[in-house]
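Here is the structure we will look at.
The values are calculated or read from the model by the stated rules, or taken from the named source; none is laboratory data. The structure displayed is predicted, hence computed values, not measured ones. In this analysis, Cβ positions are derived from the backbone assuming ideal geometry, glycine residues included, and neighbour counts consider all displayed protein chains.
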Amino acid sequence: MKKLVMCFLVSMCILGIAACGNETSEKDVTAQFKNSVFLGDSITEGFTKNEILPKECVIAGAGATAGFTYDEIGGLAAKKPDHVFIMLGSDDMLWPKGDPKVLFEHDMTKLINKIKEEVPNTKIYLESITPVTQEALKEEPRYKNIDDYNKLLQELADKLSVNYVDIGAVAKKHPDLFAEDGIHFKKEFYPLWLEELSKSL
């Protein structure tokens, strides 16, 4: 009986140490972004919903597009961030009128140029639009355009001399971390997202 109790206690200690290690690692990653701002839609909003980043680091919400986000630049500029990370496009491509891709290019160009004007010393990072699952694609066929939009984002990054980071590649490596809707992500995805961004700092 004593041996069983001892084995149980040792096992609990090991699990506790492992959990502590994971928590420390997560804090180490997030610490690099304490003076950064993340712009985006509900996918980016997951950073605060999952308590990965503080609210002051995230300007994001459901349905956000490049055009709507332009109105948030004043709040962003007031924070004087060292880095601005932008993930937009998932909602832009769902606009029903006109050519949404042309509008997206116009709005993103306008957004980036305004950020440069208001916060000239910040480094800007365009993030790729993350993929969706096959089930989500069946529900919303317009998501088939994600790759085309990402090519456009890469071209814009080159044209406007900002950075581009492929977060979609991280999502493809971890299909188990998609949320039930096949569009958003589980909490465990967000530290991996930050780790990928940290390579570009």
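Here ILE73 meets the list (1) in contact with a Ser or Thr (Cβ under 8 Å, 6 or more places away or on another chain); (2) farther than 21 Å from ALA179 by Cβ; (3) surrounded by fewer than 22 Cβ atoms within 10 Å (Cβ to Cβ) almost entirely, failing just condition (1). Scanning region 180-201 for residues that are touching a strand residue (DSSP E or B) at 6+ places or on another chain (Cβ under 7 Å) and either under 19 Å from GLY89 (Cα atoms) or in a helix (DSSP H, G or I) (or both) turns up PHE185, GLU196, LEU197.
In the set (1) without any contact (Cβ under 8 Å) to a residue 60 or more places away in the chain; (2) assigned to a helix (DSSP H, G or I); (3) crowded, with 19+ Cβ neighbours inside 10 Å, the condition left unmet by GLU155 is number (3).
Between LYS138, LYS110, the distinction of being part of a helix (DSSP H, G or I), at pLDDT 95 or above, of a type in the set (Lys, Arg) and more than 26 Å from LYS186 (Cα to Cα) belongs to LYS110 only.
The set of residues from region 37-60 being surrounded by fewer than 16 Cβ atoms within 10 Å (Cβ to Cβ) and either without any contact (Cβ under 8 Å) to a residue 24 or more places away in the chain or part of a helix (DSSP H, G or I) (or both) comprises LYS49, GLU51, PRO54, LYS55, GLU56. Out of curiosity, is VAL10 outside any strand (DSSP E or B), within 28 Å of LEU160 (Cβ to Cβ) and at pLDDT below 95? In short, no. Applying the set (1) surrounded by fewer than 20 Cβ atoms within 10 Å (Cβ to Cβ); (2) under 28 Å from LYS34 (Cβ atoms); (3) under 20 Å from the mean Cα position of the chain (by Cα); (4) acidic (Asp, Glu) to ASP148 leaves exactly one unmet item: (2).
Of the residues making up region 81-106, just one is touching a Gly at 6+ places or on another chain (Cβ under 7 Å), in a loop (DSSP other than H, G, I, E, B) and either hydrophobic (A, V, I, L, M, F, W, C) or at pLDDT below 95 (or both), namely LEU88.
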